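Below: one structure, written as structure tokens.
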Amino acid sequence: MAIDPSVVGRVYPPQPYEVSREKVREFAEAIGDPNPVYTETEAARQHGHQDVVAPPTFAMIPVMRGFELLMDDLGIEFARLVHVDQRFTYARPLVVGELVETTTTLDAIRQVGGNDLLTIRNEVRNAALDTHVCTAKATLLIRPEEESDA
Amino acid sequence: MREDRTDLTVGQVVASAQYRITRENLVRYAGASGDFNPIHWSDRVAKSVGLPGVLAHGMLTMALAGRLLTDWLGDPAAVVEYGVRFSRPVVVPDDDEGVAVDVTGTVAELRDDGLVAVELDVRVDEQKVLTQARALTRPPGSHTGAGESS
């Protein structure tokens, strides 16, 4: 059954996420990136950052918190989800030690070939500094519940 | 405030690299990103939902292509916008070699606002696995001034 279009426009409450030094290091290692700006404070300072910064796609971690909230609200299991596209617009990188919050909005739903295509927007902000960090936009394809595992 | 981009021309290849994804990388990325979807680590689950095998996280492929950008730029803060479409799944075999991902970045446009539009070509076995993979960056070597301070 298709998702009820009346949910379009729903905004989910800000989800907090604290950027930790070890998580940034772990993420950089997982993507095999040896850039010292992700691990060494001094290297990051040479680029004008206050401290170690996170790789661009690290922003997906706080964004996922928003996805989870939305999926939970709409009763969608992760097994039915296909990530179609993802885009980030950055005001600046995430910096270790900062606490950000991600607000998620369901911008649109359209039906294509029996699937629901959701357009989701996440705004990542640092509330304490009152600064915008990045905006993420994604299209998620949700397969119908009835589909068999064929 | 326009940066000096005299070294760049439209159509110029700015960077090119091959990255490998093994099962170990998938396990690491799952832990680092918090994406524990079993299609990224269980052959049994992947097959049961009709997939040809265990797939790389789309966000891991996006992160590797992003690495090409940040290696070229030096500072991740120079990435202003980055987006991709996950057009083809990347199957990761259970062996020591894994799968090779070839990434090439080309200057698509030198914009009036001083930013550089970069087109990313991301392929496995000559087939594009990401499409509409584009970034907007500040020119390499420009002082980004991060702006994360209070």
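Things worth noting here:
- 0 to 90° range, to nearest 10: angle between helix A:21-30 axis and chain A longest Cα axis: 70
- Net charge contributed by nearby residues that have their C-beta within less than 11 Å of residue B:123 (K/R +1, D/E -1): -2
- Tilt relative to chain B, helix B:23-33 - C-alpha long axis, 0 to 90 degrees, to 10: 60
- The protein assembly as shown, helix-only ellipticity at 222 nm - DSSP H runs n ≥ 4, -39,500 (n - 2.57), divided by all residues, nearest 500: -6500 deg cm²/dmol
- Multiplying the residue separation of residue A:131 and residue A:26 by 0.36 nm and subtracting their alpha-carbon distance yields 35.2 nm.
- Evaluated with a Cβ-only charge set (Lys, Arg +1; Asp, Glu -1), the protein assembly as shown carries a dipole of roughly 400 debye about its Cα centre, given to the nearest 20.
- Look at the stretch A:2-15: the mean tally of other chain Cβ atoms within 10 Å of its residues' Cβ atoms is 0.
- When A:72, B:121 are compared by accessible area of protein heavy atoms, the largest-first order is A:72, B:121, using a 1.4 Å probe.
- Protein accessible surface hidden between B and A, which excludes ligands and nucleic acids, total in Å², probe 1.4 Å: 3200
- Approximate spin-label separation residue B:94-residue A:40, in nm, with each point projected 7 Å along Cα-to-Cβ: 4.0
- Counting protein heavy atoms only, the stretch A:34-150 has 49 percent of its accessible area on carbon and sulfur, 1.4 angstrom probe.
- Measuring r between the beta carbons of residue B:8 and residue B:126 and using R0 = 22 Å, the FRET efficiency lands at 0.20.
- In summary, the aspartates and glutamates within cross-link reach of residue B:128, defined as a Cα separation below 18 angstrom excluding same-chain residues under 8 places away, comprise A:85, B:102, B:119.
- For peptide A:87-96, the mean count of partner chain Cβ atoms within 10 Å of a residue's Cβ comes to 6.
- Here each label is just a point 7 Å from Cα along the line to Cβ, and for residue B:113 and residue A:7 those points are 3.3 nm apart.
- Here chain B is scanned for GluC sites (Glu not before Pro) in DSSP loops (not H, G, I, E, B) that have at most 10 other Cβ atoms within 10 Å, and the longest stretch holding none of them is B:1-96.
- Among the GluC sites (Glu not before Pro) in the stretch A:52-150, those located in a DSSP loop and surrounded by at most 14 other Cβ atoms within 10 Å of their own Cβ are A:77, A:145, A:146, A:147.
- Residue-normalised accessible area of the protein assembly as shown, expressed per residue, 1.4 Å probe, Å²: 46
- Ordering A:112, A:124, A:138 by Cα displacement along the dipole of the stretch A:90-150 toward the positive end leaves A:124 in first place; charges were set at the Cβ atoms of Lys, Arg (+1) and Asp, Glu (-1).
- Most mobile of B:23, B:111, B:88 in a GNM of chain B (Cα contacts under 10 Å): B:111
- Lysines whose Cα lies under 26 Å from that of residue A:23, excluding same-chain neighbours fewer than 8 positions away: A:137
- Inter-chain shielding of B:44-50 (mean C-beta neighbours from other protein chains, 10 Å cut-off): 2
- Nearest-ten-degree value, helix B:58-73 long axis tilted from longest Cα axis of chain B: 30
- Computed from point charges on the beta carbon alone (+1 for Lys and Arg, -1 for Asp and Glu), the dipole magnitude for the stretch A:82-125 about its Cα centre is near 120 Debye.
The values are calculated or read from the model by the stated rules, or taken from the named source; none is laboratory data. All values derive from a computational prediction rather than experimental measurement. Reconstructed Cβ throughout: ideal geometry from the backbone, glycine too, with neighbour counts over all protein chains shown. What goes into the accessible areas is simple: the full protein's heavy atoms, side chains included, and nothing from ligands, DNA or RNA. Shrake-Rupley method; radii C 1.70, N 1.55, O 1.52, S 1.80 Å.
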